[in-house]
Amino acid sequence: MTFNSLAYFLFLPAVWLVHHCLGQRLRWLFLLAASLGFYASLKAPYLLGVLALVTVATYGFGLWIDRAGTPGAKRRLLWGGIAVNVAVLAAMKYVPFLAENLTLLFGFLGSPVQLPHMQLLVAVGVSYYVFQAISYLSDIYLEIAEPERHFGYFALSLAFFPKLLQGPIERSGELLPQLKAPYVFDYGNVRYGLLLFTWGLFKKVVLADRLGLYVDAVYADIPAYHGLPLLAATYAYAFQIYFDFSGYTDMALGTARLFNIRLTDNFNRPYLATSVADFWRRWHISFSRWILDYIFKPLQMAWRGGREWGT
């Protein structure tokens, strides 16, 4: 099920209506069940197992980090939690690729070794909730946020279906309070959410997909095209990527707003950027912010001799 599918056009109104009618005690449970059902619609059962593994491991490590008595113990638990999440991501995305290429390499070197064949797994959404899980553990370690004690709400913060497949990458400390807040019908949010979803659908179906037809035709037979048509296809490809990705983001943000949830806007007119640095501040904003806060800043602190993250 994708945002531009007929199934989703039936799924979303039904979920919203039931969510609207339920009491506060059941809303989170229903929304979690709907999110898991949405993920299950991808017809890759192992994805639910991967999500469950990441959820349980991250929840447990978060509590352990908070309860650890010494900085050293907290640090070891942090890296343990990060290692579990990175291992899951690597196994889903890179192990089949590495196995295939190692088989080819050994054959090229004259020492044929047949590693077990592994079909490349569909890892839809895994990167996004793994990154969110790592940020959650890091914020607890740095005492920026408290661990979530309610397992159900924590699971919902990772699995919330509007952001599950392609982001944005949310901070649990920003998303959890919204999920736990009492729901009150807000006409302004519903109106804005529907308009934003429609605009995203237009960008995806009318703009991105139509540009894709031209791009695919040109790139499928490059020798037949020269000069302006080839240049036009190159520019069309750039806009196809933007309209496809930003269109999906708008549909995700619009869907979440129907439930009074505000997600991070991932794009801010990136092709109007005045420099490469400015472009990355405008493109996939939640990912750029994640890289800055959880990779660049810790490395900078370590380089300067900071002790917050250890060396």
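Scan the stretch 139-180 for residues that are in a loop (DSSP other than H, G, I, E, B) and either outside the structural domain of residue 125 (by TED's automatic domain parsing) or of a type in the set (D, E, K, R) (or both) and the total you get is 6.
Under the condition of being farther than 19 Å from residue 298 by Cα and charged (D, E, K, R), which residue from the stretch 60-76 is surrounded by the fewest Cβ atoms within 10 Å (Cβ to Cβ)? That would be 67. State all residues of the stretch 170-186 that are among the aliphatic types (A, V, I, L, M) and within 15 Å of the chain's Cα centre (by Cα); if no residue qualifies, say none. Listed by number, the list holds a single entry, 175.
Given the residues 56, 50, which is the only one that is of a type in the set (Val, Ile, Thr) and crowded, with 17+ Cβ neighbours inside 10 Å? Answer to the selection: 50.
The values are calculated or read from the model by the stated rules, or taken from the named source; none is laboratory data. As the structure is a prediction and not an experimental result, all values here were calculated from the model. Counting neighbours? That spans all protein chains shown, and the Cβs are built from the backbone with ideal geometry, glycine included.
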